[in-house]
1. Go through the stretch 104-118 and give me each residue that's within 25 Å of Phe64 (Cα to Cα) and either open to solvent by less than 40 Å² (accessible area, probe 1.4 Å) or touching an Asp or Glu at 6+ places or on another chain (Cβ under 6 Å) (or both).
2. What single numbered condition from (1) open to solvent by less than 10 Å² (accessible area, probe 1.4 Å); (2) more than 19 Å from Val174 (Cβ to Cβ); (3) modelled with pLDDT under 95; (4) of a type outside the set (Phe, Trp, Tyr) fails to hold for Gly97?
3. From the list Glu99, Glu76, Glu72, Glu90, which residue is among the acidic types (Asp, Glu) and under 20 Å from Gly24 (Cα atoms)?
4. For the stretch 108-140, give me each residue that is in contact with a Pro (Cβ under 6 Å, 6 or more places away or on another chain) and at pLDDT 95 or above.
5. Are any of the residues in the stretch 18-28 within 16 Å of Lys142 (Cα to Cα) and open to solvent by 40 Å² or more (accessible area, probe 1.4 Å)?
6. Working only within the stretch 57-89, note down all residues that are open to solvent by 20 Å² or more (accessible area, probe 1.4 Å), farther than 22 Å from Asp165 by Cβ and of a type in the set (Phe, Trp, Tyr).
7. Restricting to the stretch 119-131, count the residues that are open to solvent by less than 40 Å² (accessible area, probe 1.4 Å) and of a type in the set (S, T, N, Q).
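The values are calculated or read from the model by the stated rules, or taken from the named source; none is laboratory data. Note that the structure is predicted; figures quoted are calculated from it, not measured. With ideal geometry, Cβ positions are generated from the backbone for all residues, glycine too; neighbour counts draw on all protein chains shown. Side chains included, ligands, DNA and RNA excluded: accessible areas come from the protein's heavy atoms. Shrake-Rupley method; radii C 1.70, N 1.55, O 1.52, S 1.80 Å.
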Amino acid sequence: MLIVLLAIGMPLAADGGFVRLFNGKTLDDWTIVNQKGPGYVVQDGKIVCPKHGGGNIFYKRREFANFVLRLEYRMEPGGNNGVGIRAPLEGRISQVGMEIQILDDDSPRYQGKLRAYQYNGSVYGVFAAQGGKPKPPWKWNKMEIRAEGRRIQVKVNGRTVVDGDLGTVNDPKVRAAHPGIAR
């Protein structure tokens, strides 16, 4: 599986200016947990998850509670990855934190097998994306994730696909399976 990320940044300044989290050269500001194979590498100024690579990659300079994260990604056919938010270094991110799904929804390997909350842009297991379909494989997509208090918004290619209040998640099964939504 190949997932490529580019232009990762968050606003940290009071004026709303964004700070680049990836310098385009090294992963010195990142740590990989549960690394598989080569993990993640930098190629041509991009973070790449090579075939047989992976694990969970965390920004290690600081933690963020409320933020806007903007990134660009592309994937190979059948690609499946995600962006973990408000997650600790241990445990399954989609449970102990939240995972924003990155998925090639149109891949034959997923046809007829996905639940609503598994499509691209969804808060995995919690909020189903509405219209978060990515561009075809190898095309660049833009994603913006906004986390302000209990509100989570996800935009894919400029379209809001999730706008949810975590305080409204009352299903006991969802809350038990995803305790990280309380973080």
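1. Scanning the stretch 104-118 gives a single hit, Gln118.
2. Only one criterion is unmet by Gly97, namely (2).
3. Working: Glu99 fails: under 20 Å from Gly24 (Cα atoms); Glu76 fails: under 20 Å from Gly24 (Cα atoms); Glu90 fails: under 20 Å from Gly24 (Cα atoms).
Just a single option satisfies the conditions, and that option is Glu72.
4. Answer for the stretch 108-140, where residues must be in contact with a Pro (Cβ under 6 Å, 6 or more places away or on another chain) and at pLDDT 95 or above: just Asn120.
5. yes
6. Phe58, Tyr59
7. 2
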